[in-house]
Every structure is written in C-alpha cells, then in structure tokens.
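The values are calculated or read from the model by the stated rules, or taken from the named source; none is laboratory data. Fair warning: this is a prediction, and the values are worked out from it, not measured in the lab. Cβ coordinates were reconstructed from backbone atoms using ideal geometry, including for glycine residues, and neighbour counts include every protein chain displayed. These area figures cover heavy atoms from the full protein model, side chains too; ligands, DNA and RNA do not enter into them. Shrake-Rupley method; radii C 1.70, N 1.55, O 1.52, S 1.80 Å.
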Amino acid sequence: MHGPGRQGETHVRLEGVTKVFRGLGRGRPDVHALGPIDLDLAKGEFFAVVGPSGCGKSTLLEVLAGLATVTEGTATFEGRPIKGEVPDGVGVVFQEDACFPWLTVAENIGFGLRETSLPAGEVEARVRRAVATMGLDGFAGAYPSQLSGGMRQRVCIARTLVLQPRLILLDEPFGALDQQTRLLMGEELLKLWRETGATVFLITHALDEAAMLADRIGVMSARPGRLLEIIETGWPADRDSRIIEESAFGAITAKLWRHLRAESLKVLGKGTDAA
Amino acid sequence: MNDAPPWRGPLLLVIGVTAVWQVLYLLVGEIALRSPAETVASLAGLLADPRFWPHLRETTLAFGFALLLAAASGLLIGITLGVNRFARDVAEPMLVAIYSIPKVTLYPILLLAFGLGISAKVAFGAIHGFIPIALFTMNAVRTIRPVLIKTGRIMKLSPPALMWRILLPAALPEIFTGLRIGFSLTLIGTLLGEMFASQRGLGFMLMNAIGLHHVDIIMSITLLVTVFAVTVSLLLIHLDRKLPR
C-alpha cells in the first residue's frame, strides 16, 4: 500500500477534552456538550466521526479548529496546544455554503492565499491549478449564485486546499448534496487526500460515507459526546467508491449502525427498550 | 420579452405620468396646474435666470451635507449595533421609538440650536435619513451568515480585515437598500426644513410661490425635484440589483 494512511507519528492528540457551555441567565443550567474524549490521530490518517444529532461532533471539530476553547483537558496539533486560536496548517470545510457571494470562483479560491505573503504570480498559479483539479474549468469568472450546490462545495474545498493545510477538518461537507454527487465527491476527496498526504478529520451523519472514506471511524455517544468505539476499516489507500460493493463495507456499516441505533434512540427519548 | 432594453421601463413610466398629468390639467385647469409642456418651458426659463442658481446651490449643498452626515452616522451606528448584541438590545427599541416621532415637531428645537442658516436644514435632513440607514445596516450586519465569519477566522483575518473583506461586502446589498431609502428621506427632510424656516433654497422658493400663487414656479420646482429624485432612485435600484447576493 502506497500513499498516506497512518504513518505512526501522532499529529493530533486529545486528552480528556471536555466542553461545558455555561448556562446564560438565571436558572439556565450548564450544558455538558462533550467529553471527556481521548484520541490520537496519526499523521496522514483519514479519521471519520459519526454520532447521533446534537452529540457534540461539530463542537469537537471547532475545538480542533481553534474556534472553541475546551473547558477541561488539552488538544494539541503537531505538539503545540490549540488554545482558541486557529493553528497554522489547519483548514476547515463546513457543511453550509461558505462561498463569498460577492467574489468569483477564482477570487473565492484565492481568498486565503491573498492574506499570505506569497507573490501574486504564485497565488494565481495555485488558483489556476485548483480550478482545474476541482473540475471548475470555465467557471473561474462565475459567481457562486451561478453554480450548483456541488460546485459551490468544490470551491470551498479548493479554497481550503490551496492553503496546503496539514490537517483538514471537514464538517459534513457533502451533507447538502444528493447521494450520487456525494459518492463522486467522496472519490475526489480520497484522491486529494492521497495527493496532499494531509491528515483528514471528517464529521458525517452518513454511515456509508464514513465507511467508504475513513481509515478509522470514531462512534460517538449521545450528549455529552464520548467516543464509544473506534472501528478500523482496513481499506487500502487507493480506494474509491467501488468499495461499497465489498462485503466488508456492509459489515462496517452494520457495525456502525448497531452502536448508533441505541444512541439515536436515546436522543429521541425512547431509551434502548424500544429496540 | 426579456430582451427589452433597460430604458423601456423608465420611458413607459415617463409617458404614463405625462399622460395622467395632461389629463389632470385638462380637468383642473390653470387655477391649480400647468400642462407638462408649459411646465418644462417654465423650468427652462427658471434655469436661465441667474437669481435661481443660489437657491439651487443652497439646497444641493444642504442636501449633500445632510446625506453625508446621515450615511456616515447611520453606517457607524448600524455596524456598531450589528456586531454588539448588548448595544443592539439597548439601542434598537430607542431608535425605533425615535423614528416614529413626527420629526417636524423637532424642527423648532433644531432652529433654536442652529439658527435660520444652512446648518438647521442639514441637521433636519440628516435626522430623517440616518435612522433607516442605521437600522438597515444593523440588520444587515446582524444577519450575516456565521459560516462566512468563521471562514474569515479560519483564514486568520485580523479584525479590520474581517470588517473590510467579509462583514462589509456581505452586508452591502442590504446596506445599499438602507442608503436608497435614506437618500429619499434625507431629501424630504432637507426640503421640509427649507419650507418651514429658511431664507434660501428650493423649499423656500416653493413656500414663497405658494403664498403668491405662482403656479408656474411651484410646478417647475416640483418637476425639477421629482426628476432628480426619480433619476437617482432608479440609478440606485439598478446598482442594487447588480450586487451579487
């Protein structure tokens, strides 16, 4: 097996990470959203997280992105603590459409690059390459309102990738897309992951997406979100969407659902007896 | 149907208004109205009279300053309230309450404060325009999608860069709508100020003409102000629609 995959070296470490949202105003209770969570991500690994709605998946991603601070515990990236500030080398793609509607595709993709000290020529070259890689040729001058949902999400992915992040955080990036587009976008993501060698942390509500894309999948409990189990998929790095035909794929998805069914029923207030 | 040239709508509007005006003139007669042709001729005469230009200059200057003041203060207050929830919770009900006061009742106080000169007109025009600009701007900033701001933070934008590169462009379409409404209200305020207590300006001329029953002058000034307001409004609507949303 060539390409990325787990390379042994710890890239991201979470130790006892806990997040409690303090109740604002009189009589409002604190909300224990997350943790404690202990997790090591190896360099170059593709890690996915699945869990019931409201279990704190997005909060966990915000902690890693430096957009939220932890109440207890520590989160480190490349050995340095993440303390409510976006660490260098981290890129994030959100579920919602995050394209800037007043900028063209090329301007959107080059947005972050223009904040760096890179020479203008290099910025343009990287944007041109990203436009081609993401299949957006002919749309560089188009505005986001002229694109489909899938194309807009590709613009957001390209905008993150041109910055060459070493850790890519994806918060349900294909959540708003139809099933076929999601599978194909998943293939593109795997290809980009192989090319960049970055560590990927994906949050998804789609079990099949997690089973197809990830090296390891963390299953989270209902709130407060804790890691119930980590499942190794054992896929080769050069996989694509055709692995959904493998019998192991069905087994992984079934295993994920076994864990999640009970947790999702808890969220719905039905307990495990309803099974 | 979509191939219609952009000037077709405004042209049809002008033709329609002129036709209605002509019919009204035929019904009402010389005592209260002049025909469109007579009014245009009378306006041309007014524009050729050197005594008219100081009045036009006074109104233009007062309106320009009032609009500048309304836009600057409205944008500043709107952005401040838009980004600061506590300030917004405190100030929004007050702004809405002040907006509902008939502003003409404040004019005697403004006159006492500023006197009969241009400053009172500027202040009166500005207080008409700044609240809608502030409210629209506040709402525009408040409703910016959080994911755009998060993206800015991920890109490590400094607070001023976040303001210039994300907050302002994201809020611009709605701010622009506020400016459009603020433009009309500031013009009304400035002219009202001139009509009630002033010694120069188009509003002052209009009031004098009403007192002396100079229908020609009333109609000419009304036409001039209408053409100016409609042209600028159409231009602003055109620009507003071109902004990517």
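Numbers for the structure displayed
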{"read-out": "Accessible solvent surface per residue of the protein assembly as shown, calculated while the other protein chains remain in place, 1.4 angstrom probe, Å²", "value": "50"}
{"read-out": "Rotationally averaged projected area of the protein assembly as shown (alpha carbon convex hull; nm²)", "value": "34.5"}
{"read-out": "9 Å beta-carbon shell around B:S42, net charge (K/R +1, D/E -1)", "value": "-1"}
{"read-out": "Helix axis angle, B:53-83 relative to chain B longest principal axis, alpha carbon, degrees", "value": "20"}
{"read-out": "Sequence of B:I101, B:I210 from largest to smallest accessible area, 1.4 Å probe", "value": "B:I210, B:I101"}
{"read-out": "Area hidden from solvent between B and A (accessible, protein heavy atoms only, 1.4 Å, total, Å²)", "value": "2000"}
{"read-out": "Longest exposed-site-free window of chain A, the sites being trypsin sites (Lys or Arg not before Pro) in a DSSP loop that have at most 15 other C-beta atoms within 10 Å", "value": "A:84-269"}
{"read-out": "Relative contact order of chain A, defined on C-alpha pairs under 8 angstrom at six or more residues apart (%)", "value": "25"}
{"read-out": "Solvent-accessible surface (1.4 angstrom probe) belonging to A:S264, in square angstrom, nearest 10", "value": "30"}
{"read-out": "Minimum 50 Å² accessible area buried by the other protein chains, region A:96-137 residues, probe 1.4 Å, relative to alone", "value": "A:F100, A:P101, A:W102, A:F111, A:E115"}
{"read-out": "Count of Lys pairs (Cα-Cα under 27 Å; at least 8 positions apart or interchain) in chain A", "value": "17"}
{"read-out": "Cut-off 10 Å between beta-carbons: net charge of the residues surrounding A:D97, Lys and Arg +1, Asp and Glu -1", "value": "+1"}
{"read-out": "Kirkwood Rh and Cα Rg combined as Rg over Rh, evaluated for region A:200-255", "value": "0.97"}
{"read-out": "Cα-based helix-to-principal-axis angle, B:118-142 vs chain B, degrees rounded to 10", "value": "40"}
{"read-out": "Radius ratio Rg over Rh of chain A, counting only Cα atoms, Kirkwood formula for Rh", "value": "0.97"}
{"read-out": "Within-14-Å neighbourhood charge of B:K121 [Cβ basis; K, R +1; D, E -1]", "value": "+1"}
{"read-out": "Extreme residue, positive dipole direction of region A:106-178, given options A:V123, A:P173, A:L136 (C-beta unit charges)", "value": "A:V123"}
{"read-out": "Dipole magnitude of region B:54-242 about its Cα centre (Cβ charges: Lys, Arg +1; Asp, Glu -1), debye to nearest 20", "value": "900"}
{"read-out": "Base-10 log of normalised Debye intensity for region B:54-242 (one unit scatterer per alpha-carbon) at q = 0.10, 0.13, 0.14 Å⁻¹", "value": "-0.48, -0.74, -0.82"}
{"read-out": "The protein assembly as shown, dipole about Cα centre (Lys/Arg Cβ +1, Asp/Glu Cβ -1), debye to the nearest 20", "value": "840"}
{"read-out": "Gaussian network model of chain B, Cα within-10 Å springs - most flexible of B:L13, B:L95, B:L202", "value": "B:L13"}
{"read-out": "Between region A:178-211 and region B:204-232, the Cα center-to-center distance that results, in Å", "value": "68"}
